[in-house]
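The values are calculated or read from the model by the stated rules, or taken from the named source; none is laboratory data. Remember, predicted model here, so these are calculated numbers, not experimental data. Note that we place each Cβ from the backbone using ideal geometry, even for glycine, and neighbour counts take in every protein chain shown.
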Protein chains: 2
Amino acid sequence: MQTNIGFENQKSQDYTIYIDEMQKLKFDCNVAIITNPKVAGLHLNTLLSKIEAKALYVITVPDGEEYKNQKSLDMILESLFNHRFDRSSVLIAFGGGVIGDMTGFAASIFQRGIDFIQIPTTLLSQVDASVGGKTGINNSYGKNLIGAFYQPKAVYIETKFLQTLEKREFGAGVAEIVKMAVTFDQDFFEWLSSHDLHKSEDLALAIQKSVQTKAKVVGQDEKEKGIRAVLNYGHTFAHVIENMTDYSRFLHGEAVAIGMVMANTLAVRLGLLSEDEANKIKDLLQKYDLPTSFCIKDPKAFYDTFSLDKKTKNAKITFILPKGIGGFEIKNDIDSKIVIDVLEEFRDDV
Amino acid sequence: MQTNIGFENQKSQDYTIYIDEMQKLKFDCNVAIITNPKVAGLHLNTLLSKIEAKALYVITVPDGEEYKNQKSLDMILESLFNHRFDRSSVLIAFGGGVIGDMTGFAASIFQRGIDFIQIPTTLLSQVDASVGGKTGINNSYGKNLIGAFYQPKAVYIETKFLQTLEKREFGAGVAEIVKMAVTFDQDFFEWLSSHDLHKSEDLALAIQKSVQTKAKVVGQDEKEKGIRAVLNYGHTFAHVIENMTDYSRFLHGEAVAIGMVMANTLAVRLGLLSEDEANKIKDLLQKYDLPTSFCIKDPKAFYDTFSLDKKTKNAKITFILPKGIGGFEIKNDIDSKIVIDVLEEFRDDV
């Protein structure tokens with residue numbers, strides 16, 4: 001299956017996302033595969049059997065969100081300079097979102113930009129991070145605060161890499177699929193509610209549907225000036241949750257699951273979503289054992305942490321809320337009292 | 001005077017270069033002026049009288065090419081995070097090429113890209129660096145090896161800032177003007193040969209002509225896949241000269257002047273340029289007291305340093321050579337022996 005991503009403003013960036021169609025890739029230049037030890041141990045030989053290059057390097061960075069930082073980026077860049085990579089060289093991101101984000105950012109700033117290819121190995125990165133060109137690293141102020149919009153030349157999604165995925169990692173990916181359905185596609189949501197993504201044909205279909213939706217949104221609004229912000233549904237809350245738990249307690253998709261439940265509670269309060277709809281979404285998340293609760297000990301402190309998030313424009317907090325299932329509303333004028341009041345409901349969460 | 005830069009591939013990036021037309025700039029957001037102590041001492045009050053912002057910050061970085069590095073970049077970014085800059089904030093580059101390149105790069109990677117404005121204060125940055133969106137920093141491997149193509153929202157060139165320019169800095173700017181004329185415009189070259197850029201009307205005209213030429217080239221080929229490379233005439237040699245003299249002996253434009261003389265010698269050898277034309281170019285450079293000689297003690301070592309330059313594609317060295325005055329040729333198949341032989345001619349230069 002193939003999905004094309006077409007950019008309204010810059011056609012030269014268009015590229016194709018291939019699902020379970022990876023052929024042998026041949027390169028007449030230096031190629032570096034950026035990966036982590038875990039992915040390399042499980043799948044590097046499979047990938048290597050598919051790649052032919054003038055010269056091939058493997059750069060291994062430590063596994064985990066806490067290593068998505070300037071130090072790992074410097075290590076990648078230093079390797080590239082050391083091996084005399086030039087403007088015609090190509091990087092391949094082989095791993096989850098952390099690998100993809102760092103590789104894409106390294107590609108974007110190495111000699112003012114070289115080509116890179118995404119080969120995502122987690123469900124989360126297959127349905128979300130690998131498509132759309134958001135790249136970057138975290139710093140002490142928060143997540144993805146240094147980065148670039150920089151599109152890959154192609155994305156190869158191979159569902160066979162998911163067979164080794166841990167259950168929690170799988171659920172984290174499902175959370176982003178649910179996100180796509182809730183905000184953009186009621187039929188897809190109903191389909192998800194009546195199917196089981198542990199079945200491989202259903203999973204491949206759900207990946208394709210998610211990728212198509214994302215490609216459409218990103219093609220219209222690459223740099224998140226408008227509709228692309230909707231993809232942050234759940235994320236405004238999730239970033240605070242991740243920040244408060246040192247990026248260690250929850251996987252990103254798990255934090256997004258909780259974030260969606262919080263956003264839904266706010267949406268119910270504002271009359272955008274019914275209690276029944278909110279429960280349906282929660283049920284779907286729980287079907288994949290995703291966390292849906294989080295104890296907010298200090299709602300005021302939680303609220304204040306929003307403003308460090310990069311989606312904050314002149315200190316107004318932007319919330320992406322579902323409007324029924326399959327619709328959305330972008331709100332940046334919600335009274336802080338209402339939000340804090342909603343956060344209070346999570347004070348006794350366990 | 002105004003020059004518009006229009007991008008064939010991405011119209012959304014179009015912007016205007018204003019020459020001696022700066023009006024009061026008003027911003028409803030956080031603004032940071034990035035400058036150095038020298039420029040601030042001479043001209044910051046003039047700039048401040050033209051700016052109105054919701055909140056205004058001045059970030060001062062040390063003056064000089066040797067500070068165009070990761071450390072200065074980190075300092076700028078840290079300031080922005082510390083002052084809680086967000087996606088709607090704006091940076092203003094106020095200084096020469098070093099300030100412009102670093103500010104543009106910081107703007108490109110801060111929260112995946114915020115707006116910036118160029119207000120160049122040196123002749124070199126007015127005619128060259130401020131237009132076209134090449135941003136970046138140096139590292140231990142060479143110049144501009146980390147960076148991005150990232151366009152400003154507008155460029156304001158004010159010739160009054162040039163009144164305090166030192167004579168060498170002025171000449172360095174003239175070198176880039178000569179570069180533009182030699183490769184693209186014979187009439188402009190003849191005009192330069194018969195005029196004196198120390199006269200302010202002539203200078204303003206020469207700046208406009210250079211900026212128009214550059215805008216046209218960059219608009220056609222933002223990312224230097226083709227014709228934009230011609231703007232590197234003289235630079236392949238200049239980068240090695242700068243590298244070998246620790247970026248301290250020559251100003252960038254001075255190194256470019258020597259580089260053009262070297263490129264011309266190679267062009268004469270290959271029958272692209274006549275001796276007479278080469279001398280005319282040298283005369284024009286010398287009229288502005290630009291250096292035109294450099295002692296190459298070890299031609300082989302000089303040649304080997306080319307390959308660390310980012311313009312090198314798969315270890316082939318690309319030379320931009322004048323084809324008569326007003327024309328050019330891009331060559332990447334010149335036998336290394338011929339080049340080294342030409343470099344030998346500079347062994348006894350003083």
Those residues of region A:149-164 which are within 14 Å of chain B (Cβ to nearest Cβ) and either in a strand (DSSP E or B) or modelled with pLDDT under 95 (or both) amount to A:Phe149
Just to be sure, is A:Phe27 within 14 Å of another protein chain (Cβ to nearest Cβ), under 22 Å from the mean Cα position of the chain (by Cα) and either among the aromatic types (Phe, Trp, Tyr) or crowded, with 20+ Cβ neighbours inside 10 Å (or both)? no
Within region B:247-289, work out how many residues are on the phi > 0 side of the Ramachandran plot and of a type in the set (Phe, Trp, Tyr). 1
Inside region B:259-345, counting only helices (runs of 4 or more DSSP H) that do not spill past its ends, which hold 1 or more residues that are at pLDDT 95 or above, of a type outside the set (D, E, K, R) and touching a strand residue (DSSP E or B) at 6+ places or on another chain (Cβ under 8 Å)? B:275-287, B:336-344
Considering residues that are surrounded by fewer than 21 Cβ atoms within 10 Å (Cβ to Cβ) and within 15 Å of the chain's Cα centre (by Cα), the number found within region A:130-147 is 1
Please tell me if B:Leu197 is at negative phi, crowded, with 24+ Cβ neighbours inside 10 Å and in a loop (DSSP other than H, G, I, E, B). no
Subset of region B:88-124 (residues that are assigned to a helix (DSSP H, G or I) and under 15 Å from B:Ile157 (Cα atoms)): B:Gly97, B:Ile99, B:Gly100, B:Leu123, B:Leu124
Is it the case that region B:177-193 has a residue that's within 12 Å of the chain's Cα centre (by Cα) and within 14 Å of another protein chain (Cβ to nearest Cβ)? no
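Residue-by-condition table, conditions (1) modelled with pLDDT under 95; (2) in contact with an Asp or Glu (Cβ under 9 Å, 6 or more places away or on another chain); (3) crowded, with 24+ Cβ neighbours inside 10 Å:
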| site | (1), (2), (3) |
| --- | --- |
| A:Leu48 | no, no, no |
| A:Lys54 | yes, yes, no |
| A:Val58 | no, no, no |
| A:Gly64 | yes, no, no |
| A:Leu73 | no, no, no |
| A:Val90 | no, yes, no |
| A:Gly95 | no, yes, yes |
| A:Gly104 | no, no, yes |
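Residue-by-condition table, conditions (1) facing chain B (nearest Cβ under 9 Å); (2) more than 18 Å from B:Arg112 (Cα to Cα):
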{"residue": "A:Thr46", "(1), (2)": "no, yes"}
{"residue": "A:Ser49", "(1), (2)": "no, yes"}
{"residue": "A:Ala53", "(1), (2)": "no, yes"}
{"residue": "A:Leu77", "(1), (2)": "yes, yes"}
{"residue": "A:Gly97", "(1), (2)": "no, no"}
{"residue": "A:Ser130", "(1), (2)": "no, no"}
{"residue": "A:Thr135", "(1), (2)": "yes, no"}
Residue in region B:7-24 that is nearest to B:Phe94 (Cα to Cα), counting only those that are within 14 Å of chain A (Cβ to nearest Cβ) and in contact (Cβ under 8 Å) with a residue 24 or more places away in the chain: B:Gln13
A:Ser140 versus (1) over 22 Å from A:Ile51 (Cβ atoms); (2) more than 12 Å from chain B (Cβ to nearest Cβ); (3) hydroxyl-bearing (Ser, Thr, Tyr): which is the lone unmet condition? (2)
Does region A:238-250 include one or more residues that are surrounded by 20 or more Cβ atoms within 10 Å (Cβ to Cβ) and within 14 Å of chain B (Cβ to nearest Cβ)? yes
